[in-house]
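Below: one structure, written as structure tokens.
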Amino acid sequence: MSRLAFALTLFIATPALAGDIHIVETASTGLDTTKAGVVTCPVASCDLQASTITTALTVLADDIVVETPVTNDALLTLRADATCAGRGKVSASLGQIGGATVYTHDGQAALASAGVSNVTTLIDTLADLVNINGSRDYALNCDIAGSSVANLGMFSGSLDGQLHAITDLAPSGAGMFEILENGADIHDLVLVRPVVKNTAAATGSLTGTANVGATINNVAVLAASVEGRGSTGGLIGTIKGATVSGVYVTGTVSGTTDVGGVVGLLDGMSGNTGTLSNAASKAAVTGTGAAGGLVGSVTDLALVGASWSAGAVSGGGAVGGGEATSVSASVYWDTTTSGQATSNGGTGLATAQMHVQSNFTGFDFDVSWAIRPNIGRPYPQAFATLLNLDLVVTSTGTSTVGDNVTFTTTATPATRYSPAVGAAVVRDNGTTIGNGTFASNTAQVSTSTLTVGAHAITALFRGDDFHLEVVSQQLTQTVLAPGIPVTPTTTTLVAQETEIDFGDPIVLTATVIADSGIATGAVSFTINGEVFGIATLANSTANISVTDLLSGTLAVSAIYVPDAGAFASSVSNAVTVTVGQAPPTAPFTLSIEPLNQTVYIGGAARYIMSLNGRGTVALSCGALPRAASCTFNQNSVVINNQRSMALLIVGTQEAHSGRAGPLKRPPWWLLPPMLALCGFALMRNRRRFAIFALTAALACTNDSGRAYVVTDGTPAGTYKITVTAMSPDQSSSVDVTITALDER
């Protein structure tokens with residue numbers, strides 16, 4: 001089934017009531033197909049007139065009955081069993097909806113007889129899951145509660161999780177699947193608290209092994225517990241040429257050989273590079289062999305790109321062992337939380353550096369990644385809702401100096417998989433007041449040390465296995481001086497412009513007017529609740545200029561902070577500022593690392609190529625030194641709004657010498673005369689002539705004589721090679737160097 005068809009239903013909420021829908025030739029009161037592109041039936045049964053289907057339409061119902069041919073059937077996505085009741089189906093006759101995309105729980109055989117080929121079977125229960133066929137197309141229709149079950153064996157079909165979760169699955173053996181074979185496509189799936197314990201072979205939450213031709217995209221594994229004896233990963237034990245992207249893993253992973261937060265062993269096969277990209281792992285990793293936060297070990301037939309890890313690791317940083325040149329510099333690990341200062345490839349960053357977008361060179365924040373600046377690490381965009389948690393901080397109200405003020409932080413997770421676990425860090429203008437431990441999504445912090453004035457209070461949650469880091473909206477806490485009359489104030493905020501282009505500065509002016517007198521102190525400016533600057537009042541106004549704003553709609557506010565108890569704090573109304581989109585990038589960009597390699601003559605240098613953007617790109621190289629070769633693991637790369645990778649190998653050749661083909665010998669029929677001459681010469685006592693004749697005779701039979709030749713190799717030296725990526729509309733080139741050394 002096409003990914004487009006999946007996308008049509010991915011985020012459609014299950015309706016509270018979805019009656020049956022009949023697609024008919026004529027209907028007196030048919031359903032309205034002109035709104036939103038989705039139709040449901042709010043009563044027990046509804047009619048949908050076939051002729052009204054003129055644009056892309058998704059039909060949601062318990063049962064869908066097609067009673068007439070649909071001319072525009074390719075525009076239809078029919079989804080039965082909309083309430084996840086485990087019984088809905090789509091019914092049709094031959095020639096009615098052959099081009100439609102169909103999701104159904106029952107009736108697959110009848111649909112095949114009706115000529116419908118694009119059919120996905122819906123999974124509603126654990127029983128549905130364990131009974132899947134290894135080569136068909138499936139989709140999760142709702143969350144499923146798992147248990148201890150046998151693994152699903154070998155699989156070469158497709159499974160669209162539709163961002164639903166399988167919770168508490170404890171499969172036997174290698175993982176949920178034993179092996180993902182060629183053609184397997186797993187995407188948009190969430191595994192919550194999987195438990196996998198395997199005493200043999202490769203082990204992972206999703207699968208033990210992912211072979212060439214398997215694709216895994218947008219899979220989250222939360223709070224995993226994985227133990228293995230072979231190659232062990234939080235998601236996959238061993239990748240053998242598969243492609244994996246868009247992964248988020250938390251929990252614990254332990255094993256004895258190659259152990260990684262995402263993949264134990266990342267390998268490929270000749271002509272089929274195993275790749276891992278756009279992956280994030282907070283899993284704690286323990287291994288007696290090679291251990292890494294992302295990958296335990298990587299071979300020279302694999303590539304790791306644009307990923308990060310932050311969990312505690314017993315071995316290396318992001319990658320434990322293997323071929324370091326297979327690891328892109330766009331792979332990062334948290335040197336603080338991992339406890340590791342080194343890695344077998346990649347770039348180490350401290351925790352604070354992991355919260356800065358500009359530090360993640362090679363990450364595509366337009367398509368694949370998102371970040372909450374200065375709060376948390378990047379996360380895959382596909383899981384923005386899944387991992388979200390809203391945070392609100394409240395207090396007991398306006399207080400007087402010396403009063404005990406209690407701040408209550410309330411967390412509201414986006415999913416029901418887990419409450420907030422950990423602490424709420426309550427801050428006053430960025431300075432920590434105290435930490436409160438969450439219990440039932442509530443945490444409290446009390447203090448009696450607040451000074452007179454306005455305090456910008458926020459709560460920070462540092463994330464857990466189920467939720468991202470987040471900061472609450474700002475609360476203004478006013479503290480009054482005892483027994484001193486306080487003059488009310490009013491703060492207003494004006495933005496010089498409310499719509500600006502990306503990269504342009506914005507000038508903000510706050511004015512503070514007191515009911516009597518002239519207010520003194522400072523103004524704290526906030527964007528979306530976060531303080532970004534403070535300016536001192538002068539003649540009742542304060543100004544600030546801001547640059548480097550992110551694209552989007554921003555809520556800007558000003559908070560008056562008095563420097564004495566005579567004036568009351570006040571907060572302006574929020575001003576909405578819209579920042580335009582960043583300028584479009586080129587259709588694709590090419591980067592290569594490392595740019596410089598040194599090998600002995602006869603050896604080969606490996607370069608990792610990263611292509612970012614869109615289009616189909618042909619790869620080539622030029623300006624090669626004598627007797628050198630240039631090969632790619634794929635000569636043509638398709639990049640669809642995401643980062644793609646390729647491997648370039650530049651080979652050198654040693655000079656060598658030897659004997660070439662046989663010398664041309666006299667024809668065989670000269671042998672008898674030459675032997676006769678030899679005998680005649682001996683009879684006449686002519687030794688020299690006899691020796692000549694005998695030598696000539698032997699030459700007629702000898703095959704050992706060969707020409708001596710020398711083959712030129714690659715000369716020692718440093719050479720610049722031009723690598724080019726070309727699409728129909730664009731060409732991009734990067735120069736790399738190779739230094740060839742003579743061992744002699």
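Filter the range 415-449 down to residues that are free of Cβ contacts under 8 Å to residues at least 12 places away in the same chain and closer than 24 Å to Gly251 by Cβ, then give me how many there are.
Total satisfying the criteria: 2.
Condition first: within 24 Å of Glu227 (Cβ to Cβ), of a type outside the set (Gly, Ala, Ser), modelled with pLDDT of 95 or more and not in a strand (DSSP E or B). Can you find one or more residues in the range 162-171 that meet it?
yes
If a residue has to be in contact with a Lys or Arg (Cβ under 9 Å, 6 or more places away or on another chain) and either of a type in the set (Lys, Arg) or surrounded by 24 or more Cβ atoms within 10 Å (Cβ to Cβ) (or both) to count, how many in the range 161-174 make the cut?
Count: 1.
Any idea which of (1) small (Gly, Ala, Ser); (2) closer than 18 Å to Ile21 by Cβ; (3) assigned to a loop (DSSP other than H, G, I, E, B) is the one Ser117 doesn't satisfy?
The failed condition is (2).
Which residues, taken from the range 186-211, are farther than 19 Å from Leu294 by Cβ and either of a type in the set (S, T, N, Q) or at pLDDT below 95 (or both)?
Asn198, Thr199, Ala200, Ala201, Asn211
Search the range 604-623 for residues that are on the phi > 0 side of the Ramachandran plot and pair each with any residue that is part of a strand (DSSP E or B) and basic (Lys, Arg) when their beta-carbon atoms are under 8 Å apart and the residues are at least 6 apart or on different chains.
Pairs that qualify, where the first residue is on the phi > 0 side of the Ramachandran plot and the partner is part of a strand (DSSP E or B) and basic (Lys, Arg), are Ala623/Lys720.
Considering only the range 579-591, I want to know if a residue exists there that is surrounded by 20 or more Cβ atoms within 10 Å (Cβ to Cβ) and farther than 30 Å from Thr616 by Cα.
no
Can you pull out every residue in the range 429-480 that is of a type in the set (Ser, Thr, Tyr) and either part of a strand (DSSP E or B) or buried (at least 19 other Cβ atoms within 10 Å of the Cβ) (or both)?
Thr431, Thr432, Thr437, Thr442, Ser446, Thr447, Thr458, Ser472, Thr476, Thr478
Check the range 375-385 and report whether any residue there is over 17 Å from the mean Cα position of the chain (by Cα) and either among the charged types (D, E, K, R) or at pLDDT 95 or above (or both).
Scanning the range 375-385, I find no residue that is over 17 Å from the mean Cα position of the chain (by Cα) and either among the charged types (D, E, K, R) or at pLDDT 95 or above (or both), so the answer is no.
Of all residues being assigned to a strand (DSSP E or B) and free of Cβ contacts under 8 Å to residues at least 40 places away in the same chain in the range 135-152, which is nearest to the chain's Cα centre (by Cα)? Just the residue, please.
Looking at the filtered set, the residue picked out is Tyr138.
How do the strands (runs of 3 or more DSSP E) wholly within the range 481-582 filter down when requiring 1 or more residues that are of a type outside the set (A, V, I, L, M) and under 34 Å from the mean Cα position of the chain (by Cα): which remain?
Qualifying strands (runs of 3 or more DSSP E): 521-527, 530-536, 552-562, 575-579.
Has the range 329-338 got any residue that is closer than 19 Å to Ser644 by Cα, free of Cβ contacts under 8 Å to residues at least 60 places away in the same chain and buried (at least 20 other Cβ atoms within 10 Å of the Cβ)?
Yes; the residues of the range 329-338 include at least one that is closer than 19 Å to Ser644 by Cα, free of Cβ contacts under 8 Å to residues at least 60 places away in the same chain and buried (at least 20 other Cβ atoms within 10 Å of the Cβ).
Can you pull out the residues in the range 487-501 that are of a type outside the set (Asp, Glu) and in contact with a strand residue (DSSP E or B) (Cβ under 6 Å, 6 or more places away or on another chain)?
Scanning the range 487-501 gives Thr487, Thr489, Thr490, Thr491, Thr492, Leu493, Val494, Ala495, Gln496, Thr498, Ile500.
Here are some residues: Phe466, Phe407, Phe461. Which one is aromatic (Phe, Trp, Tyr) and more than 30 Å from Cys142 (Cα to Cα)?
Phe407
Could you please let me know if Ser557 is surrounded by 20 or more Cβ atoms within 10 Å (Cβ to Cβ), under 30 Å from Leu480 (Cα atoms) and not assigned by TED's automatic domain parsing to the domain that holds Thr325?
When the stated conditions are applied, Ser557 passes them.
Looking at Val24, Val38, can you tell me which residue is of a type in the set (Val, Ile, Thr), over 16 Å from Thr71 (Cα atoms) and modelled with pLDDT of 65 or more?
Going through Val24, Val38 in turn, the sole match is Val38.
Residues in the range 272-297 that are outside any strand (DSSP E or B), of a type outside the set (Val, Ile, Thr) and within 17 Å of Asn217 (Cβ to Cβ): how many?
1
The values are calculated or read from the model by the stated rules, or taken from the named source; none is laboratory data. These numbers come from a predicted model, not from an experiment. Every residue, glycine among them, receives a Cβ derived from its backbone with ideal geometry; neighbour counts consider all protein chains shown.
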